[in-house]
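Reviewing the structure listed below.
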Amino acid sequence: MALHCVSHDERHRNLAERFQHSTETIHRNIKEALQAIVRLALILIRPTDETAVHPKIYNNNTFYPWFKDCVGAIDGTLISASTPLTRQRAFRSRKSEISQNVLAACDHDMLFTYIYAGVEGRVHDARVFQHAAPSPDSSFPMPTAGKYYLMDSAYKNMPDFLAPHKGHRYQRDQFSRGAGGPRGKYELFNHHHSQVELVIACCVLHNFISDEHPHDELFARESCEDEDLNADPDAQPQQIDLSAAAQRD
């Protein structure tokens, strides 16, 4: 039931009809399943080995040697949220949608290595990162000496984190070729209080599927699309020492 709810964004009323159980039973079981999945985050959402250059970098002339010390990428994304009327202003994003701002770090295998969820949608990506990463008490997986994360222009350059030059194109598409709110008390309670758990659970399931079934059809399709967009037989890249740049303020 929980997997069906997550994958199809089904309301509890629809699940109750499909599985022939009361909405209270549906709510209780989904909440328990999500909590169990979230506990797997300590096992499945973790940094990978950074000692060797990743094969996807080493075996690609477009990326090697320029990104040989890159361990992954960091970005923020807005995910729909449901909040009381008194808090909707804080969660209203720049796109005028009620959402939460989620910070994610991924490695070269497109596996999540860190998730920071539940921040109000109006908070800028850079501010979310400031809360998540630099604190000594944070669980953020800082790169080892000489390594760095790639980030987009919403963030600033700093040691261990490399952002693009502002005022220039960097989004991939700039270089390429060319059902209602919750109803009922159980739905409302689950939608409001389990939103952070739901985000983390989805990331856990993503990593689990990738680990257990690396040749998944959808993952393979995404990988092929990335390779097609990155391929440019006419490109003559200049060699830039990104390792040194990442260590400059």
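Rule-based calculations on the coordinates, nothing more; no lab input. Not measured: the values here are computed from a predicted model. Reconstructed Cβ throughout: ideal geometry from the backbone, glycine too, with neighbour counts over all protein chains shown.
Some values worked out for this structure:
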{"read-out": "Neighbour-count ranking [beta-carbon atoms within 10 angstrom, fewest first] of D109, D9, D69", "value": "D9, D109, D69"}
{"read-out": "Summed residue charge, Cβ within 9 Å of A90's Cβ, Lys/Arg positive, Asp/Glu negative", "value": "+3"}
{"read-out": "Entries of K56/K95; K68/K95; K95/K156 with Cα pairs more than 25 Å apart", "value": "K56/K95; K68/K95"}
{"read-out": "Simple spin-label estimate for A36 and D152 in nanometres, 7 Å along Cα-Cβ", "value": "3.6 nm"}
{"read-out": "Modelled FRET efficiency - R0 35 Å, T48 with E17, Cβ distances, 0.05 increments", "value": "0.25"}
{"read-out": "For the range 1-91, with +1 on Lys and Arg beta carbons and -1 on Asp and Glu, the positive-most of S7, W66, A81 along the dipole", "value": "A81"}
{"read-out": "Residue exposure sequence - L103, L40 - by fewest surrounding Cβ within 10 Å", "value": "L40, L103"}
{"read-out": "Fewest-first ranking of C203, C5, using other Cβ atoms within 10 Å as the exposure measure", "value": "C5, C203"}
{"read-out": "Per-pair calculated FRET efficiency, R0 = 35 Å: T86 and E212 via Cβ, rounded to 0.05", "value": "0.25"}
